[in-house]
Every structure is written in structure tokens, then in C-alpha cells.
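Right, one structure below, let's go through it.
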Protein chains: 2
Amino acid sequence: MRTIDWDDTKNCIIFVDQTKLPLARHIIECADVNTLAEAIGTLSIRGAPALGVAGAFGIALAAQTSKAKSPIDLVQELEGAAEVLRNTRPTAINLSWGIDRVLRKAKTGHSITQVKELALEEAKAIADDDVEICKKIGANGAKLLEDGDVVLTHCNAGRMACVDWGTALGVVRSAIEENKRIKVIATETRPLNQGSRITAWELLQDNIPVTLITDSMAGHVIKSGMVDKILVGADRIVEEAVFNKIGTYTLSVIAKEHKIPFYVAAPMSTFDFEKHAQDIEIEERGPQELKYFGDMQIAPLDAKAYNPAFDATPMDNVTAIITEKGVFYPPLSFEELKGLE
Amino acid sequence: MRTIDWDDTKNCIIFVDQTKLPLARHIIECADVNTLAEAIGTLSIRGAPALGVAGAFGIALAAQTSKAKSPIDLVQELEGAAEVLRNTRPTAINLSWGIDRVLRKAKTGHSITQVKELALEEAKAIADDDVEICKKIGANGAKLLEDGDVVLTHCNAGRMACVDWGTALGVVRSAIEENKRIKVIATETRPLNQGSRITAWELLQDNIPVTLITDSMAGHVIKSGMVDKILVGADRIVEEAVFNKIGTYTLSVIAKEHKIPFYVAAPMSTFDFEKHAQDIEIEERGPQELKYFGDMQIAPLDAKAYNPAFDATPMDNVTAIITEKGVFYPPLSFEELKGLE
């Protein structure tokens, strides 16, 4: 099953609840936009490409469930739903990208039925595209991996962050499909452990060798010569920097120190051609994520905790960006990239 | 109460069980060496200086509880106890240092009673010395901190890692005693969270402002200009490197990248004048520490996990080492330092 999909029989979104992994693979049926917004906020759905698809299906869902009496009222409702969804997570650009693409298409409809149909068709097309795009990212990135490589990855930029296949882990999968033997070292990725809970789980499902480490071990592991390449995803790429899961910047500095290639794999929809690094809001999540492991308290409750969910890796620290349109080596020409979109 | 002490009434070691912090402050009475060895192995007692004192009291305990009929038999028993204790944790040199110092003194005894008395006296002296030494480290290090500084620390090199006061956090305490306003950023320190469980707790007890971050956030936080100095402890210092909690090396690379001073605070007993970096065993702990949070499973149980407990920070990345004998700036003259011991 895809990580996120549309169920035609029940006329709703279905997705894997990623907060329950690896212990359970719960499938959620979601038939209203507020529930979807909550699922995005709690990271039941996560990963930049998957968020793009969630935004797209969210607008389609709002259209399907609407009781609007005119196309204008319906589009106004969709704009409201877009606002609700957009506000859930500010850093990943793909969420807004998916929402906007469906909105744009829906607005070309002339009747209520047509708006509803166009919205759903476009959302489904985005989901299908995502799989194709990941396969192309995989094929482009696989050329950079050699037989025997050990790849260190952070967070989860795999099947579970997309509709299928994955971006960073898609590159690993494609290389393995080409009969290259690739091993993965996965950082656990505090505070929500997407590395240990999701990356390790999805790689084991495919029998891809994976070794877990804590985030803090990356320096030691790289210095010890255990890593050939670093490969991560991205939540937003601007001209000066790659925004990705907190901890990515730290890895990029270690990669530079030890002259290890640092690759970012992401769809073209991750590029932000409008804004600059200083304009990007880094989502700050609640301090409780550092004070509890599940139900277990691990810090004094009156301690302060700072919990930014992303950081910015300057383009100088990036060896290359792997997309469905090719592999790009900084310094990037954003004018040229924009033309490819 | 001291973190670890000798109870004259009950003729046993008493210590705070650090695995239960911050939820409970359990005091353990320990009357036999095997229980002590287990407590060291599970990190109920931890922190290089505290381990030195634990080793010392361990030999004293073996002496007090011995039924040996001659001084030679007694000393042989103490050598056996030393072997048991020494094997619990290989990286921190202080453990062996404390054991050896008591053994050496005990061996000068001419009767069973004298051996027992000398062992206990020496162990108590080591514990008392530790407090004095930490105060001197604090006074020497405080000169390096300025009013308003934000200090980032890793793991726990505080009161709970020593008998009292602390090494890295002792420097913070001494600076605050001199009316400097110092704030601390504590990394949670995976996988056993000594930063969130112990450092945050002990600083809040003293009303020292502390903010928790995950280990992976250090790069972002330092790049954002939120940190003035990094201050950590040490488990063993050789001519080429400082061995300390896993993650220290990563922090040193980021400090270098951002030209932030990187200070190590440790007693002279942490220096290893015999061995070189390549000879030091880095303790590898069990993979389950990365697969569970307490009782909660967070990774597939069939995933591999690599769990080194320490790493080596090359002396090039160290700005200065703060000891009770003064502040030393690399490159260090180990000949000169040996003379100071």
C-alpha cells in the first residue's frame, strides 16, 4: 500500500499512522479536513513529499464533502480548507505546493461537479507523479553510489516520507536494484525518532542492511571511516540553503570536515524560488517532546527546552542536489532551475 | 548529601542511584563489591571523578568485609576485588586510578587491621580531595567565563558526576559564585539522556538557568549565535585526544567551524601518561539502549545498532583543559603535566 492514497469506495483519504511505527501499522481513514490537519500536526503524516500529497488530497476532500450551492461558494470553501492545512506546518514547502496545485486546477471548473472532479483528479495525479518522480530521483542518484558504499542518512526520507519509493532512500533502493551492495547507517533523529522508528523499519522490510546510531555518534562514525556518503531529504530548498530536519546542518559540517560527499535528494517541488533563507520560518515544536519518551518523563518538567524542528544547511556544505530533472552541483543557478520546473 | 560517600555507622558505601533521576532520588546502601560492580555497569554510579571514588571505596569495602586471616591474603582479596571493579568500564581512567591509589596505600599496612584502616582512610581522602579539586577546577575555569556567557555542555560533568560541585558544571557554579550571570544549554545526551535527566535536574536544584536541546540541535544553536563557549568533562586524556561521552567529538567540530572556545574540565587524575589514543578501548554498550526508551520499543528489534559510549576529540579541537593545577592550552607538554601530578 502507498503511504497515503485516496479510497474511491469510501471517498476519503487513507494513510499509515506514522506515530505508531514500528510497533503497529495502523491505517487511518480520514474524511474531514480538520482531522487531516490534526494528523499533519501530530506527524501521523510527515515527510515533505507526503505532505504535498496530503495537502492535495485535503483540498480534494474538502471539495468532495462540501455542501456548497455554487462553484464560487465551493472555491471559497476550498480556500478556507487550504488556510487550515497550510497553517499546520510552516517549513516544508511541498504542503503549500500540493494545496496550490489542486486549488489552481479546481478553479478552472465551471460547475460544482466539475470543480469536485478536477480537484480529485489533480490530487490523484500529484500522488501518481510523486511515485514517478521518486523513481527518477532514485535513478539519477544511483549513479552517485558505488557498489559497497555505506550511506549515512538522517530522519526518514524514504517510502514513508513520500507516496512510495522515497527520495534519499529511493536513491538507495534504485542503486540496490542496479545490483550495487549498499548499506545504510540511520541516525535515530531526536526528538521524534523518525530514524529508529521509521527508516530502520522500512529498510528492514526491504531487507536493506541498516545500522542505527544516535545523532551524536555521527562524528565518531564518520571519523572512523565507516561512512562513504551522506544522503538526506529536504523540506525546502532556497538559493542559499537546504532546510531539512534538525541535525542536518550538524551532519553537513562533519561531512565537510572529513571530505565526505553530502547529497540532498528531493523533488523539484521542494525548491522555493520566491523566498530567501532569512525569510523561512523554522517550525518550533513543543518542549514536551524533549521531556517525555512516550509516557516516561526524562527531564524535570520545569526545565526549559528549545525544540526547532528544522535547520538550514548552507549550499556551501552541499555536494549536490539530486532531483527528478537531474543532479545539480552548487553554486546553483536558480534562474535555470526555475526554467526546468 | 554527596553523590557517593562512606557510611561509618553501617560500614558501607552510599550513593545516589542516577538511573532513577530526575523522578526519584534513591539512595543505595552498598555492602559488597559485586553489587557495586553491577551499579557501575548499569550507570547507577557514573561520571569519571565519581567512578574514581567508587573504585576507591570499593577496595575499602572489600577490605572492611574481608574474613582474610593474614595481611597477604587480605591484599590478595583486594587485588581480586580490584580486577572485578576495573572490568566494569574500560574507558574512564579515574576508576583504575582510584582503585590503584587505595591498593597502593593498603599494601603498606603490616596487619589486617592496619590494611583495613589504611584502605578506608585513603578512600575517604580521595572523596574529600575530589571536592577540593572540583572547587579548584571551578576557580581556574571561572576566569574563562564572562558575565552573560551562555555555556553549552554535553552529558553530565556536574555534581552528580563527582562527589560534589562538578568539573564542567563546577566551573559554571564557581563563575556564578563570582556573580557572573551564566546560562547553560544542555544537550540531552543520547542514548541514556544524562543531559536531560541529570544535568538539567542538578542545575535547576541550584536555580541555574538551563535550556535543554537534542544532541542534533547543537549545530543549529551554535550557528544561530546562541552559544559563547562549550564546556565538557573528560573520561581520559591522552597526549593526542580527549576521550569523553559520545557526541563530544561532533561538538568539537562544530565549535571549530564557528570559532567557539571548546573547554575540557577535568582533574589531573584524568590524564593517562602511559597510553596513546590508539591504545584506548572505547566501551561499546548493548544495542538495546537504542531500541527502547525505558520499556517503550522505538526501533525494530531485528535492526542492528552500534553503541559506542565514548569518542576521541583530537587535541587540535580543544581550546584548553581546565584542571586543579591550572589551565593548559594545547599543544600540551605531557612531560611537564606529569611533573605536576
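The values are calculated or read from the model by the stated rules, or taken from the named source; none is laboratory data. The structure displayed is predicted, hence computed values, not measured ones. Positions of Cβ are generated from backbone atoms using ideal geometry, with glycine treated the same way; all protein chains shown enter the neighbour counts. Remember, those area values only see protein heavy atoms, side chains included, never the ligands or the DNA or RNA. Shrake-Rupley method; radii C 1.70, N 1.55, O 1.52, S 1.80 Å.
Data overview
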read-out: Residue among B:PRO287, B:PRO314 that alone is farther than 22 Å from B:GLY158 by Cα and facing chain A (nearest Cβ under 8 Å); value: B:PRO287
read-out: Test result for B:THR199, under 29 Å from B:LEU332 (Cα atoms) and β-branched (Val, Ile, Thr); value: no
read-out: Condition check for B:VAL171: farther than 22 Å from A:VAL221 by Cα, in the same structural domain as B:TYR292 (by TED's automatic domain parsing) and assigned to a loop (DSSP other than H, G, I, E, B); value: no
read-out: Single condition B:GLY247 does not satisfy, out of (1) open to solvent by less than 10 Å² (accessible area, probe 1.4 Å); (2) at the interface with chain A (Cβ under 8 Å from one of its Cβ atoms); (3) more than 30 Å from B:ALA305 (Cα to Cα); value: (3)
read-out: Every residue from region B:40-57 that is free of Cβ contacts under 8 Å to residues at least 60 places away in the same chain, open to solvent by less than 10 Å² (accessible area, probe 1.4 Å) and assigned to a helix (DSSP H, G or I); value: B:ILE40, B:LEU51, B:ALA54, B:GLY55
read-out: Residues of region B:14-29 satisfying the condition of being in contact (Cβ under 8 Å) with a residue 12 or more places away in the chain and within 12 Å of another protein chain (Cβ to nearest Cβ); value: B:THR19, B:LEU21, B:PRO22
read-out: Subset tally (residues that are within 17 Å of B:ILE14 (Cβ to Cβ) and assigned to a loop (DSSP other than H, G, I, E, B)) for region B:58-74; value: 1
read-out: Close pairs (7 angstrom Cβ cut-off, 6 or more residues apart or separate chains): touching a residue at least 60 places away in the same chain (Cβ under 8 Å) in region A:215-230, among the charged types (D, E, K, R) anywhere; value: A:ASP215/A:GLU188; A:ASP215/A:ARG190; A:ASP215/B:ARG190; A:ASP215/B:ASP215; A:ASP228/A:ASP149; A:LYS229/A:ASP149
read-out: Qualifying residue in region B:292-315 (condition: outside any helix (DSSP H, G or I) and at positive phi); value: yes
read-out: Exclusive hit being touching a residue at least 40 places away in the same chain (Cβ under 8 Å) and out of contact with any Pro (no Cβ under 7 Å at 6 or more places or on another chain), set A:LEU74, A:LEU118; value: A:LEU74
read-out: From the options A:ASN179, A:ASN156, A:ASN140, residue that is of a type in the set (S, T, N, Q) and assigned to a helix (DSSP H, G or I); value: A:ASN140
read-out: Count - residues of region B:316-341 that are assigned to a helix (DSSP H, G or I), touching a helix residue (DSSP H, G or I) at 6+ places or on another chain (Cβ under 9 Å) and open to solvent by 10 Å² or more (accessible area, probe 1.4 Å); value: 3
read-out: Output for region B:7-39, where each listed residue is assigned to a strand (DSSP E or B) and open to solvent by 70 Å² or more (accessible area, probe 1.4 Å); value: B:ILE27, B:GLU29
read-out: Hey, B:ASN34 under 26 Å from B:GLY166 (Cα atoms) and either at pLDDT 95 or above or not β-branched (Val, Ile, Thr) (or both) or not; value: no
read-out: Residue among B:ILE112, B:ILE137 that alone is within 24 Å of B:PHE15 (Cβ to Cβ) and either modelled with pLDDT under 95 or of a type in the set (A, V, I, L, M) (or both); value: B:ILE137
read-out: Test: A:VAL151 is of a type outside the set (Lys, Arg), crowded, with 18+ Cβ neighbours inside 10 Å and part of a strand (DSSP E or B); value: yes
read-out: Failed item, numbered, when B:ALA37 is tested on (1) more than 14 Å from chain A (Cβ to nearest Cβ); (2) farther than 24 Å from B:GLU79 by Cα; (3) small (Gly, Ala, Ser); value: (2)
read-out: All positions within region A:182-241 that are in a helix (DSSP H, G or I), facing chain B (nearest Cβ under 8 Å) and open to solvent by 10 Å² or more (accessible area, probe 1.4 Å); value: A:ARG197, A:TRP201, A:LEU204, A:ASP215, A:HIS220, A:LYS223
read-out: Test for B:ASP130: is it among the acidic types (Asp, Glu), part of a loop (DSSP other than H, G, I, E, B) and either open to solvent by less than 10 Å² (accessible area, probe 1.4 Å) or more than 13 Å from every other protein chain (Cβ to nearest Cβ) (or both); value: no
read-out: Residue count for region A:133-148, restricted to those that are of a type in the set (Asp, Glu) and buried (at least 19 other Cβ atoms within 10 Å of the Cβ); value: 0
read-out: Subset of region A:269-284 (residues that are more than 11 Å from A:ILE93 (Cα to Cα) and open to solvent by less than 40 Å² (accessible area, probe 1.4 Å)); value: A:ALA277, A:GLU283
read-out: Selection status of B:ARG236, in the same structural domain as B:GLU289 (by TED's automatic domain parsing) and out of contact with any Leu (no Cβ under 6 Å at 6 or more places or on another chain); value: yes
read-out: Residue within region B:327-337 that is more than 9 Å from chain A (Cβ to nearest Cβ), of a type in the set (Ser, Thr, Tyr) and touching a residue at least 40 places away in the same chain (Cβ under 8 Å) present; value: no
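This table checks each residue for (1) more than 8 Å from every other protein chain (Cβ to nearest Cβ); (2) touching a residue at least 60 places away in the same chain (Cβ under 8 Å); (3) in contact with a strand residue (DSSP E or B) (Cβ under 8 Å, 6 or more places away or on another chain); (4) of a type in the set (A, V, I, L, M).
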site	(1), (2), (3), (4)
B:PRO261	yes, yes, yes, no
B:GLU283	yes, yes, yes, no
B:GLY294	no, no, yes, no
B:ALA299	no, no, yes, yes
B:ALA303	no, no, yes, yes
B:PHE310	yes, yes, yes, no
